[in-house]
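Following: one structure in C-alpha cells, then a few remarks.
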Amino acid sequence: MAKKTIIANWKMNPGTLAEAKKIFGSVKKTAQKLSHVETVVCPPFVYLHELWKGTSGKKCALGAQDIFWERAGGFTGEVSSSMLSDALVQYVIVGHSERRALGETDDIVNKKIHRAVKDGFKTIVCVGEKERDAHARYFLFLEHEIKQSLAKVTRAVLKNIIIAYEPLWAIGKEAKRPATPHEFFEMLIFIRKILTDMFGKKEAFAVPVLYGGSVDHRNAKEFLAVDGSAGLLVGRASLEPKLFQEILFSADLSAR
Ligand code: PGA
C-alpha cells in the first residue's frame, strides 16, 4: 500500500523555540520508527532553520505554513520560496482557511500555488466549505474553490499538489464536530471528479487527498481507513506528542 502522509500544522504555536524543539524531538523519534508514513511538521517560519538541524534524513520532513508568490523585493513581512528552500523545507501549506479568513482570496492562493509548485515544493492546498446547507450548495462552493485555486496549473506540475479537504466547521477550537469518515469519503469522490474534469482521470487519481479538521488519536484510524484516503492534516493534536504519536502509529498500521 502507498505510504500515508501525516502533516502536523502547528499554526502559531508553541510560544518558544525550546518548546518547539521538545515537541519536534519527540515527533522525530516516532517518525524514525515508521516505514509507511511520510511525516511532515509545519512549524512557524522562525523555527524552521533551528529545527532542520535536528532532522535526520528523510524520516521527518519540514513544511511551511505559507509562501509568497514573488521571489524577492519590497514585500514586508512575507517569506520567499528561496528562503524556504534554504531552510530545507519540502512542503508548503497554501490556502489554509485561517489565512483565507484573514483575506486571502482564491486568486492569491492560486498565485502562491504556482510559485510553490514551480519551485518544487510539495504543495498542500487546503479546501473546504464553511457550512453545509440543506440544498447541498457546498458542493458548488467546493468545486468553485478548487477550480479557482488550481487555475492554470498544468499536468506537468500536478505531481506536486496534495489536496487537504478541511471543512471549516470541523476545524479548530470552535469546531462543531469532526466530519464523519463517510462525509470525507463523499467529498473525496467529489474532489476526484472535479480533478478529473480539470486534468483527466489518470492524473486526478494520482493526486493525494488528505482529511483535516479535529483529527485526534481516537478518530484518526477511521479517516485513514477511508478508501482512497492519503493521510491527515492535524492541527491541535499535533502539538501533543503522545496523541500525535498514536496518530502516526495508526497511519503506519493502516498503510501496511
Ligand atoms: P485542528 O486543525 O486539527 O485543530 O482542527 C486542523 C487545521 O486547521 O489544519
Using the C-alpha gyration tensor of the stretch 120-203, what are the square roots of 5 times its eigenvalues, in whole angstrom, with the largest one first?
24, 15, 11
How large is the charge dipole for the stretch 4-254, taken about the Cα centre, if only the Cβ atoms of Lys, Arg (+1) and Asp, Glu (-1) carry charge, to the nearest 20 debye?
620 debye
Suppose every K and R has +1 on its Cβ and every D and E has -1 on its Cβ; what is the size of the dipole of the stretch 1-133 about the Cα centre, in Debye to the nearest 20?
760 debye
Going toward the positive end of the dipole of the chain, with +1 on Lys and Arg Cβ and -1 on Asp and Glu Cβ, which of 23, 161, 10 do you reach last?
23
How much net charge surrounds residue 49 when only other residues with a Cβ under 14 Å from its Cβ are counted (Lys, Arg +1; Asp, Glu -1)?
0
Relative contact order of the stretch 1-125 (C-alpha contacts under 8 Å, at least 6 apart) in percent is 21 percent
Summing +1 per Lys or Arg and -1 per Asp or Glu among the other residues with Cβ less than 14 Å from residue 13's Cβ gives +2
Find the centroid of the Cα atoms in the stretch 185-256 and in the stretch 124-168, then give the distance between the two in whole Å.
15 Å
Taking the chain and dividing mean pair separation by its residue count, relative contact order in percent (alpha carbons under 8 Å, at least six apart)
22 percent
Mind ranking 39-49, 24-34, 138-148 by how tightly packed they are, going by the mean number of other C-beta atoms within 10 angstrom, highest first?
39-49, 24-34, 138-148
About the Cα centre, and with charges only on the beta carbon of Lys, Arg (+1) and Asp, Glu (-1), how big is the dipole of the stretch 105-189? Nearest 20 debye, please.
420 debye
Report the far tail of the P(r) of the chain, meaning the percent of Cα-Cα pairs longer than 32 Å.
15 percent
Can you tell me, using C-alpha contacts under 8 Å and at least 6 residues apart, the relative contact order of the stretch 82-180 as a whole percent?
30 percent
Over 26 Å between Cα atoms: which of 11/201; 4/201; 176/242; 112/147; 130/201 fall into that group?
11/201; 130/201
Given only helices, namely DSSP H runs of n ≥ 4 each adding -39500 (n - 2.57), what is the per-residue ellipticity at 222 nm of the chain, to the nearest 500 deg cm²/dmol?
-12500 deg cm²/dmol
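Tell me, what is the per residue accessible area of the chain in Å², probe radius 1.4 Å?
Dividing the accessible area of the chain by its residue count gives 48 Å².
The values are calculated or read from the model by the stated rules, or taken from the named source; none is laboratory data. As the structure is a prediction and not an experimental result, all values here were calculated from the model. Virtual Cβ from ideal backbone geometry, glycine too; neighbours counted across all protein chains shown. Remember, those area values only see protein heavy atoms, side chains included, never the ligands or the DNA or RNA. Shrake-Rupley method; radii C 1.70, N 1.55, O 1.52, S 1.80 Å.
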